[in-house]
Every structure is written in C-alpha cells, then in structure tokens.
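Below: the structure, in structure tokens.
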Amino acid sequence: MDLNADFKQRVVVHSDQLDWVASPMPGVDRRMLDRIGGEVARATTIVRYAPNSKFSAHTHTGGEEFIVLEGVFQDEHGDFPAGTYVRNPPTSSHTPGSDAGCTIFVKLWQFDMEDRSQFHVDTNGDGYVEASDGITRLPLHRDAYEDVCVEMWHAGTSVPLEAPDGLEILVLEGGFIEGGETFAAQSWLRLPKGSESLAVSGENGAKV
C-alpha cells in the first residue's frame with residue numbers, strides 16, 4: 001500500500017476528518033497519514049486503542065517512535081500518559097495496549113538501523129529552552145536521520161518553516177495557519193526537502 005508516498009510533495013492531513021480504519025487486532029483502529037508497505041511498513045499513523053485492547057507481542061525490526069495524545073498507553077516497559085514521547089529502537093519488542101484506552105501518533109521504520117537507544121520523555125515537564133522569540137523547544141532525539149522535538153509557539157508568533165532535509169509537524173494543542181490553511185489539533189503537515197514556508201500560530205498559541 002502506498003499512501004502519500006511521494007516525499008517530494010507537500011502533504012496536509014487533517015486527521016480528525018478521517019474515518020477510523022480497523023487494524024487486524026480487535027479494538028485497535030487507525031488513521032493513516034503516510035504509508036509504504038502492508039502490515040509491515042514505513043508508516044506514519046494515528047492509532048486508537050479501545051479500553052482493554054492490546055496488540056499481540058511483536059518486534060520492531062525498523063524501530064518505532066510515538067507520542068501519546070490521549071489516555072494512557074501501556075506495555076511491559078511501563079504506563080505512559082498523554083504527553084509521553086517513547087522511542088523503541090530496531091530489534092526492540094513489546095506487547096502494547098491500554099486498560100483505559102488511548103490514542104497515539106506513531107512513526108515506523110525511519111530509524112538508523114544501528115540505533116539501540118530505548119527511552120521515553122515526559123513532554124509536559126521542564127526542559128524547554130528558548131529557541132527564538134516566541135518559541136520554546138524541548139529536544140527529544142537527534143542523529144543523522146532525525147531531529148525530533150516538541151515546540152511551544154506563543155500566540156501570534158510567525159514561525160519560519162525551513163526544510164533543507166524535509167519537515168513534519170503534528171499539532172498537539174492549539175493551532176496555526178500555513179499556506180492559507182488552518183491547522184488544528186492532530187493536523188499533520190509534511191514539507192519536502194528544500195522547501196520554505198511560514199506558519200503563524202493562533203490566538204491560543206500552538207504546541208507542535
């Protein structure tokens with residue numbers, strides 16, 4: 001399956017407007033943002049676990065990273081409430097699920113295949129640093145393949161979006177306007193390599 005598979009194109013998905021699609025596991029539904037492959041795929045997805053649902057045990061051959069958007073995600077490594085960023089590197093395994101139900105934003109198969117660093121970060125905590133006027137940033141992970149962070153944009157901030165290596169943005173809270181389009185919570189923007197754009201955060205600011 002190929003979905004938004006041309007990384008040379010700008011892509012916008014307002015995920016709250018998509019229907020949920022059932023996964024092979026009962027109680028686990030998905031909204032697919034991009035995908036190259038079948039059940040084993042390079043993919044960007046919003047996944048919803050119904051209460052008391054779980055996926056079967058599996059190994060992430062190509063790595064997995066996700067942020068919990070709602071509820072509490074659980075596996076044998078712990079309980080991860082909303083706002084937790086989790087990084088499971090290639091060869092890691094787990095049995096994911098949720099007693100109370102949860103929603104996560106997850107990316108698969110974009111790792112350095114030699115990466116073995118497994119960790120999680122509470123993005124609701126301290127550690128944000130001023131990046132520029134009106135913007136604070138919490139670094140999460142950086143290597144030759146990725147630069148991952150959470151940013152807080154104050155209300156009405158103009159944010160240059162420079163993408164020499166490509167750029168993806170998911171709105172966690174608040175919203176912004178870019179390219180004449182309004183982005184709200186769980187809207188997703190992917191810009192191709194070499195592109196430049198400008199976002200302006202809304203009256204309530206934005207967490208992305």
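The values are calculated or read from the model by the stated rules, or taken from the named source; none is laboratory data. Predicted model only: the values in this text are computed from it and were never measured. FYI the Cβ positions are ideal-geometry reconstructions off the backbone, even for glycines, and counts take in every protein chain you see. Heavy atoms of the whole protein, side chains included, go into the accessibility calculation; ligands, DNA and RNA do not. Shrake-Rupley method; radii C 1.70, N 1.55, O 1.52, S 1.80 Å.
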For segment 102-119: of the residues being open to solvent by 50 Å² or more (accessible area, probe 1.4 Å) and hydrophobic (A, V, I, L, M, F, W, C), which is farthest from Asp29 (Cα to Cα)? Met113
Quickly run through segment 87-143 and pick out the residues that are touching a His at 6+ places or on another chain (Cβ under 8 Å), among the hydrophobic types (A, V, I, L, M, F, W, C) and closer than 28 Å to Lys54 by Cβ. Leu108
Could you go through segment 187-202 and let me know if any residue there is part of a strand (DSSP E or B), within 25 Å of Phe66 (Cβ to Cβ) and open to solvent by 50 Å² or more (accessible area, probe 1.4 Å). no
Tally time: how many residues in segment 127-179 are free of Cβ contacts under 8 Å to residues at least 40 places away in the same chain and polar (S, T, N, Q)? 2
In segment 123-162, which strands (runs of 3 or more DSSP E) lie fully inside it and hold 1 or more residues that are more than 20 Å from the chain's Cα centre (by Cα)? 129-132
With the requirement that a residue be open to solvent by less than 40 Å² (accessible area, probe 1.4 Å), of a type outside the set (Gly, Ala, Ser) and more than 19 Å from Ala43 (Cα to Cα), what does segment 78-101 give you? Phe80, Thr84
Could you say which residue among Arg48, Arg87, Arg42 is of a type in the set (Lys, Arg), under 24 Å from Ala184 (Cβ atoms) and in a strand (DSSP E or B)? Arg48
